[in-house]
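These notes concern the structure reproduced below.
The values are calculated or read from the model by the stated rules, or taken from the named source; none is laboratory data. None of these values were measured; they are calculated from a predicted model. Using ideal geometry, Cβ is built from the backbone for each residue, glycine included, and neighbour counts are taken over all protein chains shown. We work out accessible area using only protein heavy atoms, side chains counted, and drop any ligands, DNA or RNA first. Shrake-Rupley method; radii C 1.70, N 1.55, O 1.52, S 1.80 Å.
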Amino acid sequence: MADTQEIVSVLTESRVFPPPAEFSQRAHIRSMQDYQRLWDEAEKDPQKYWGDRAREELFWKEPFQTVLDWKPPHARWFVEGKTNLAYNCLDRHLPKLKDKPAILFEGEPGDRRAITYGELSQQVNRLANGLKSLGVKKGDRVGIYLPMVPEAAVAMLACARLGAVHSVVFGGFSAEALQERMKDAGVKVLLTADGGWRKGAVVPLMKNVEAALTHATGIEKVVVLTRTGDGKLPEGPKFLAWDALVKGQPDTCEPEWVESEHPLFILYTSGSTGKPKGVLHTTAGYAMNASLTTRWVFDLREDDVYWCTADVGWVTGHSYVVYGPLMNGVTTVLYEGAPTQPGPDRFWDIIERYKVSILYTAPTAIRAFMRLGDGPVKQHDLSSLRLLGSVGEPINPEAWMWYRDVIGGGRCPVVDTWWQTETGSIMISPLPGATPTKPGSATFPLPGIHAEILDRDGKRVPRGQGGLLFVTKPWPSMLRSVYGDPERYANTYFSELPGMYFTGDGARTDADGYVWLMGRVDDVVNVAGHRLGTAEVESALVAHAKVAEAAVVGRPDDLKGTALVAFVTLKQGNAPSDALKKELAAHVAKEIGAIARPDEIRFAEGLPKTRSGKIMRRLLRDVAAGNHSTQDTTTLEDLNVLAALRQNDE
Ligand code: WT7
């Protein structure tokens with residue numbers, strides 16, 4: 001950890017941006033001394049530190065007795081306490097905030113709705129009562145497959161109110177991906193819509209649901225919101241209309257007071273092997289960290305209009321679109337559609353119209369806007385903005401500078417926030433009123449977060465050197481398990497160094513102790529801010545009748561961060577062709593979703609392998625990157641020669 005002395009000493013260097021004085025003066029955390037004090041407090045007595053935070057952040061129906069029970073790799077936080085997350089997001093604000101907008105919604109076609117805390121609370125309670133009438137009770141799993149409409153937040157909160165466990169599936173995922181996740185989670189009721197709007201077209205959610213239901217899922221009821229169509233439901237006793245379910249339901253519903261460790265949600269994320277993992281989060285620890293980090297990192301004030309552009313289908317949407325902002329009683333903007341629909345200035349138009357003060361988005365979006373030039377930005381008055389955030393992948397300094405200068409007018413601090421589905425909340429990030437930022441660095445871990453860069457033996461690497469990023473002590477919003485597979489939980493996250501959480505990321509610190517993330521060290525790639533396991537894409541490819549073998553690697557890409565390159569060998573009797581490339585790409589999109597569609601497919605007659613038969617992905621990564629801008633001359637012989645060379649080297 002850098003001490004304040006050293007941080008101050010780098011201020012004279014170029015490209016270090018101290019927080020603006022006016023910003024610091026009004027901030028929750030105003031200086032590196034304040035930060036250091038919190039850090040020391042957490043270090044000295046973690047139980048007291050986290051216990052105090054939990055008492056401050058949450059309403060407790062019954063107080064907890066034990067802050068932490070840690071039997072690695074299993075943590076239980078705030079044991080014996082009881083709370084309810086929907087109550088924390090809604091009821092406790094109502095005396096003061098009943099008429100304050102909780103959600104400002106804008107649909108892609110331009111439809112708008114402002115929903116106050118009072119109205120949101122009523123909608124949540126009605127749906128909770130409706131779900132109850134379908135037999136949903138504490139501990140049952142409920143699937144959510146919705147576009148970015150307010151009902152997605154209503155659905156999550158209704159589950160939380162009942163103590164039901166939600167599992168949101170991103171609307172861009174295919175029928176196959178949906179079916180796999182619903183089955184794994186044992187979902188009883190699915191909340192969905194006929195469709196959603198994206199790039200001027202309808203995303204056919206209902207069609208995907210019907211296709212998913214042709215296979216075993218265990219789903220008993222499907223509740224359908226009308227968003228894009230005429231309200232006609234598919235045939236059969238499984239389907240019922242959202243409107244019909246909530247109609248006439250009382251708008252009050254007693255919250256289910258759940259234990260701190262009661263499961264809150266399951267969210268699937270890609271790993272380096274096999275099928276997606278159901279990351280399991282529980283109630284109080286998750287809620288506490290989501291609430292605290294939203295206020296500190298985004299320096300929330302009562303009058304902020306806060307916009308996180310993530311979809312609720314990702315963890316960012318859970319923690320920073322729905323739960324974090326609502327626990328803090330701010331107004332959160334929810335936008336349904338594509339960033340450039342109908343024109344390249346849609347985001348800036350939204351910011352100007354709603355007077356958005358905090359914008360939290362992804363580097364891939366920032367780079368896409370950068371390509372469009374400053375023109376669309378300059379058409380709008382963005383003076384309401386006071387803080388900018390970035391998440392999902394390393395942000396390159398050029399994009400960081402553009403974000404700061406062009407979007408933020410040079411006056412808004414930029415917070416580059418590092419975290420993961422598994423961590424539940426932001427772990428490494430500047431505190432905007434305190435931390436001098438450097439373009440491209442996530443700076444320092446938050447107080448109480450022991451993010452450390454170690455070598456494989458667990459030794460801390462010296463400053464300036466790269467290593468593996470671990471979190472060496474438990475934290476409240478950490479995942480508790482992989483749903484239904486505790487062994488995979490232990491193996492994936494706690495086997496590299498016993499008792500320490502391995503992130504899968506590489507990182508280094510610079511001479512000032514700033515953390516710089518260096519991307520994944522496993523077979524996970526980050527495409528446009530979305531995590532994909534290359535093994536998943538490979539297994540989709542080999543499921544195609546014409547494919548014998550496939551190896552998928554990432555290649556650096558200016559826009560998406562990483563692009564997917566698939567090396568494919570075909571079964572006997574099939575010839576490579578452009579048509580087949582298209583067919584395979586479409587096949588992957590169908591199996592997983594459009595986000596997994598390979599950017600490039602290369603046919604080969606053999607894949608380079610080690611003698612033990614492991615595909616040499618490192619070599620393929622070089623091939624994919626090296627031939628990026630030249631003609632594709634890679635042939636079977638080239639690859640075999642390379643492979644042979646490597647084998648001779650061994
Ligand atoms: C992976 C987690 C956390 C919400 C979005 C992604 C990468 C995330 C940053 C950042 C560098 C980042 C890491 C991480 N990542 N934020 N600020 N700088 N890399 O959640 O899908 O669970 O992916 O995204 O590689 O491990 P996720």
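Brief remarks on what is shown
- The tail of the calculated P(r) for segment 1-149 beyond 26 Å holds 57 percent of all Cα-Cα pairs.
- Size of electric dipole in the chain: Cβ of Lys, Arg +1 and of Asp, Glu -1, about Cα centre, debye, nearest 20: 780
- Its Cα gyration tensor gives segment 293-338 an equivalent ellipsoid, and the semi-axes of that ellipsoid, as √(5λ) in whole Å with the largest first, are 17, 12, 8.
- Computed over protein heavy atoms with a 1.4 Å probe, the accessible surface of segment 89-219 works out to 32 Å² per residue.
- Taking every protein chain into account, the accessible area of segment 242-371 amounts to 27 square angstrom per residue (probe 1.4 Å).
- In terms of the mean number of neighbouring beta-carbon atoms within 10 Å, the peptides 235-245, 318-328, 343-353 order highest first as 318-328, 343-353, 235-245.
- With all pairs of separate Cα atoms included, segment 42-86 yields a Kirkwood hydrodynamic radius of 11.1 Å.
- What the Cα convex hull of segment 323-445 gives, in volume per residue, is 114 Å³.
- Rounded to the nearest 20 debye, the dipole magnitude of segment 153-234 is 200 debye, with +1 charges on Lys and Arg beta carbons, -1 on Asp and Glu beta carbons, and the Cα centre as origin.
- Lys/Arg +1, Asp/Glu -1 at C-beta; the chain dipole; positive extreme among Ala362, Leu94, Gln25: Leu94
- In order along segment 344-353, the phi-based Karplus estimate (6.51 cos²θ - 1.76 cosθ + 1.60, θ = phi - 60°) of 3J(HN,Hα) comes to x, 10, 4, 4, 6, 5, 4, 4, 5, 5 Hz; Gly and Pro are listed as x.
- For segment 471-578, the convex hull drawn through the C-alpha positions has a volume of 162 cubic angstrom per residue.
- Burial order of peptide ranges 253-265, 437-449, 104-116 (average beta-carbon count within 10 Å, highest first): 437-449, 253-265, 104-116
- Rounded to whole Hz, the Karplus (6.51, -1.76, 1.60) HN-Hα couplings of segment 433-449, x for glycine and proline: x, 10, 8, x, 9, 10, x, x, 10, 7, 6, 10, x, 5, x, x, 9
- Panel values: segment 84-172, Kirkwood radius from alpha carbon pairs, Stokes-Einstein at 10 °C and 1.306 mPa s, translational diffusion coefficient 117 µm²/s.
- Here the alpha carbons of the chain define both size measures, Rg and Dmax, at 24.4, 75 Å.
- Cα gyration tensor shape of segment 490-533, rounded if a/c is under 1.5, else prolate or oblate by comparing a/b with b/c: oblate
- Overall, segment 14-111 carries a charge dipole of about 240 debye about its Cα centre when +1 sits on the Cβ of Lys and Arg and -1 on the Cβ of Asp and Glu, all other atoms neutral.
- Considering only Leu205, Ala287, Ile219, the residue lying farthest towards the positive end of the dipole of the chain is Ile219, judged by Cα position with unit charges set on Cβ.
- Amide proton proximity set for Phe239, modelled H, under 5 Å, gap of 5+: Val222
- For segment 196-246, the Cα-based Rg and Dmax, in that order, read 11.7, 33 Å.
- Evaluating 6.51 cos²θ - 1.76 cosθ + 1.60 at θ = phi - 60° for every residue in segment 511-524, the Karplus couplings come out as 4, 9, x, 5, 8, 10, 7, 10, x, 6, 9, 10, 8, 10 Hz, glycine and proline recorded as x.
- The local environment of Val568, defined by Cβ-Cβ distances under 12 Å, has a net charge of -1 under the rule Lys, Arg +1 and Asp, Glu -1.
- Amide H contacts under 5 Å for Leu225: Thr192, Ala193, Asp194, Trp242, restricted to partners 5 or more places along the chain or on a different chain, H placed in the peptide plane at 1.01 Å from N.
- Structure-based [θ]222 nm, the chain - -39500 (n - 2.57) summed over DSSP H runs of at least 4, per residue, nearest 500: -9000 deg cm²/dmol
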